[in-house]
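Accompanying notes for the structure given below.
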Amino acid sequence: MLDLLTSGLSVVFAPKMFILIIFAVFLGTLFGALPGVSATMAVTLGIPFTYKMDAVSAIAFLVAIYCASITGGGMTAILFKIPGVPSSAPTTYDGYPMAQRGEAAKLWAYSSSPRPSAACSQPCVC
């Protein structure tokens with residue numbers, strides 16, 4: 001069991017894969033912050049990048065785009081009361097008034113921090 005964990009971590013933290021995931025997070029955040037571009041559309045727009053990749057790199061790339069676009073969708077929901085992705089629509093109810101009171105940085109840090117409840121609400125990719 002522990003050898004599978006170390007094997008997975010060695011794949012993720014390989015220099016090529018790590019740079020690829022950083023690029024995917026940047027793209028996903030950008031796509032998520034654009035109103036009208038959902039997380040599903042962001043993954044669809046990322047598919048052409050994966051044609052020349054091996055399977056592990058492609059799946060890691062698409063998962064990173066998806067997760068980052070969900071997080072990036074909260075950015076416009078908090079700051080402008082326009083959800084970037086449909087799942088950020090409830091964030092506009094409390095996020096925008098808090099941003100008007102000057103608490104946007106606190107809310108953005110909370111919404112982008114990893115939480116066990118967020119991990120439980122995401123679909124399992126097996």
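Residues in the chain average 65 Å² of solvent-accessible surface per residue, probe 1.4 Å, ligands and nucleic acids excluded.
With N denoting the number of residues in the stretch 4-98, provide Rg(C-alpha) divided by 2.2 N^0.38 Å, to two decimal places.
Ratio of Rg to 2.2 N^0.38 Å for the stretch 4-98: 1.20.
Here the stretch 75-107 and the stretch 3-19 have alpha carbon centers that stand 34 Å from each other.
Loop-located chymotrypsin sites (Phe, Trp or Tyr not before Pro) across the stretch 14-77 with a Cβ neighbour count of 13 or fewer within 10 Å are Tyr51, with loop assigned by DSSP.
If I require 20 Å or longer along the helix axis, counting alpha carbons, and a Kyte-Doolittle average no lower than 1.0, what helices from the chain are left? Use full DSSP H segments.
15-33, 55-80
How would Ser10, Ser88 line up by accessible area, probe 1.4 Å, largest first?
Descending accessible area places them as Ser10, Ser88.
The listed residues Met17, Met1 rank as Met1, Met17 when sorted by accessible area, largest first, using a 1.4 Å probe. Counting only residues at least eight positions apart within a chain, or on another chain, the lysines with an alpha carbon under 18 Å from that of Lys16 are Lys52.
The values are calculated or read from the model by the stated rules, or taken from the named source; none is laboratory data. Keep in mind that this is a model prediction, so the values were computed, not measured. Quick reminder, even Gly has a Cβ in these numbers, built from the backbone with ideal geometry, and neighbours come from all protein chains shown. Only protein heavy atoms, including side chains, enter the accessible area calculation; ligands, DNA and RNA are left aside. Shrake-Rupley method; radii C 1.70, N 1.55, O 1.52, S 1.80 Å.
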